[in-house]
Amino acid sequence: MDDKAKLPVTIAISGAAGQISYSLLFRLIAGDLLGPHQPIVLRLLEVPQAIGQLEGVAMELEDFASPILVGLSCHSDPLEAFKAVDLAFLVGARPRGPGMERGDLLEVNAEIFAEQGRALNAVAKRSVKVLVVGNPVNTNTLIAIRNAPDLDASQFSGMTRLDHNRAVSLLARASQRPCTSVEGVIIWGNHSTSQYPDVHHATINGRPALECVGKDFEASFIETVRRRGAEVIRVRGKSSAASGAHAALCQMRDWLRGTPKGSWTSMAVVSDGSYGITQGLVFSFPVETHDGHWRIVEGLALDAASAALIKASESELLQERDLVRHLIDLP
Ligand code: NAX
């Protein structure tokens, strides 16, 4: 097909005036997701208080003179922002404020993602793909799914790709090999410190990763990946932004284009009961993608220690689910 004849892809981004979006948006208009010849329309969503700042971001997007950006609008109403969108990045979320308990954080974000789930259900394209980035990401994804009953749960995923990328990079650095030589890493569970970064199926240049980096590496590997986000905040003074935006692009790109044959990535998706994880919970699994669909990789052997770590993350997610039950138990 002639490039000029391509129909634009409409992409909504919530939290568009925030720091992750400040990287993500400019990567999108550079063609880093869909290529340099695919026209895109951006719909930017923010809370009313941030609309002024968002308009400044929109001015900068215009000033790129991107050849692929063919439409741009700013919104504070999700029903407008999500109208007929093909793709949605739900980045916007409320951060933990002073004196806020974990339950309060879950509650306030649950309401945001319930409203956005309902809006996607009402107005997005029936084929929309929704990537949830905002924390607490697994439970926010679950809430969005449960509030979008006319869309399929497989149209949603939560981002654990940043954890996955961190794990890949750590193994590459430990073995002094390029990141491209690392395969088979898995992030299981919640995007929190209960996640289980699993090195047991990983290979480096085709060799078992633990043979390359030594068995003693495992404990520090798990803790480093789990605590990397907090460590970035400690050192940089702000949370991960460009690496988060890059991970969002990686996850959406793999979802759309497929993972290479024989390899997988990690995505938080709705559980079908695989590996004994409660059905319906949004859990990070190893997934293969093909033709715009994901599939949980089945049949990987788990030793007792791995199974216990996976169960511990599941229990945390079950507790999170209980705290927001009133927003997901639809009639
Ligand atoms: P910022 O605080 O810089 O930006 C968030 C933006 O969201 C703000 O501009 C805010 O006004 C907006 N917002 C809040 N409520 C909204 C609503 N109801 N509708 C639309 N917009 C709304 O945060 P940033 O650093 O960009 O991070 C965004 C989210 O990503 C946070 O929840 C953060 O914790 C989460 N992260 C998730 C990661 C993951 O791996 N899943 C990693 C990176 C990041 O920490």
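Before moving on, here are some points about what is shown:
- Among the residues of region 79-134, those that are of a type in the set (Val, Ile, Thr) and within 10 Å of the ligand (Cβ to nearest atom) comprise Val91, Val108, Ile112, Val132, Val133.
- Residues that are β-branched (Val, Ile, Thr) and either within 11 Å of the ligand (Cβ to nearest atom) or not in a helix (DSSP H, G or I) (or both), drawn from region 213-238: Val232, Ile233
- Pairs with Cβ under 9 Å, 6+ apart, first in region 146-165 and over 14 Å from Val270 (Cα atoms) and modelled with pLDDT of 95 or more, second among the polar types (S, T, N, Q) and assigned to a loop (DSSP other than H, G, I, E, B): Leu162/Ser240; Asp163/Gln195
- Residues in region 83-97 that are closer than 19 Å to Ile20 by Cα and hydrophobic (A, V, I, L, M, F, W, C): Leu87, Ala88, Phe89, Leu90, Val91, Ala93.
- The condition (being more than 16 Å from the ligand (Cβ to nearest atom) and surrounded by fewer than 20 Cβ atoms within 10 Å (Cβ to Cβ)) is satisfied by just one residue among His246, His201: His201.
- Gln195 vs. criteria closer than 30 Å to Ala30 by Cα, in contact (Cβ under 8 Å) with a residue 60 or more places away in the chain and within 22 Å of the chain's Cα centre (by Cα): no
- Search result, residues across region 23-51 that are within 16 Å of the ligand (Cβ to nearest atom), out of contact with any helix residue (DSSP H, G or I) (no Cβ under 7 Å at 6 or more places or on another chain) and over 17 Å from Gly71 (Cβ atoms): Val47, Pro48, Gln49, Ala50, Ile51
- Among the candidates Val297, Val282, the residue that is more than 17 Å from Asp198 (Cα to Cα), among the β-branched types (Val, Ile, Thr) and touching a strand residue (DSSP E or B) at 6+ places or on another chain (Cβ under 6 Å) is uniquely Val282.
- Selection within region 64-78 - among the hydrophobic types (A, V, I, L, M, F, W, C) and either within 12 Å of the ligand (Cβ to nearest atom) or out of contact with any strand residue (DSSP E or B) (no Cβ under 8 Å at 6 or more places or on another chain) (or both): Phe64, Ala65, Cys74
- Residue ID - farthest from the chain's Cα centre (by Cα), chosen from residues in region 249-296 that are surrounded by 19 or more Cβ atoms within 10 Å (Cβ to Cβ) and over 28 Å from Ile20 (Cα atoms): Tyr275
- When region 277-321 is filtered for residues that are part of a helix (DSSP H, G or I), under 30 Å from Glu101 (Cβ atoms) and not aliphatic (A, V, I, L, M), the ones remaining, listed by number, are Lys311, Ser313, Glu314, Ser315, Glu316, Gln319, Glu320, Arg321.
- Answer from Leu151, Leu131 - the residue that is surrounded by 17 or more Cβ atoms within 10 Å (Cβ to Cβ), more than 23 Å from Ser313 (Cα to Cα) and outside the structural domain of Gly299 (by TED's automatic domain parsing): Leu151
- Selection count where residues are of a type outside the set (D, E, K, R) and either closer than 25 Å to Ala308 by Cβ or not assigned by TED's automatic domain parsing to the domain that holds Ala209 (or both), scope region 160-181: 8
- Among the residues making up region 71-102, those that are in contact (Cβ under 8 Å) with a residue 60 or more places away in the chain, surrounded by 14 or more Cβ atoms within 10 Å (Cβ to Cβ) and not aromatic (Phe, Trp, Tyr) are Pro78, Ala81, Val85, Asp86, Leu87, Ala88, Leu90, Val91, Gly92, Ala93.
- Among the residues making up region 203-239, those that are among the hydrophobic types (A, V, I, L, M, F, W, C), closer than 17 Å to Cys179 by Cβ and under 24 Å from the mean Cα position of the chain (by Cα) are Phe221, Val225.
- Among the residues making up region 95-126, those that are part of a loop (DSSP other than H, G, I, E, B) and farther than 19 Å from Ile145 by Cα are Pro95, Arg96, Gly97, Pro98, Gly99, Met100, Glu101.
- Unmet requirement for Ser169, which otherwise passes all of (1) within 16 Å of the ligand (Cβ to nearest atom); (2) small (Gly, Ala, Ser); (3) assigned to a loop (DSSP other than H, G, I, E, B); (4) free of Cβ contacts under 8 Å to residues at least 24 places away in the same chain: (3)
The values are calculated or read from the model by the stated rules, or taken from the named source; none is laboratory data. Remember, predicted model here, so these are calculated numbers, not experimental data. Note: ideal-geometry Cβ built from the backbone for every residue, glycine included; neighbour counts use all protein chains shown.
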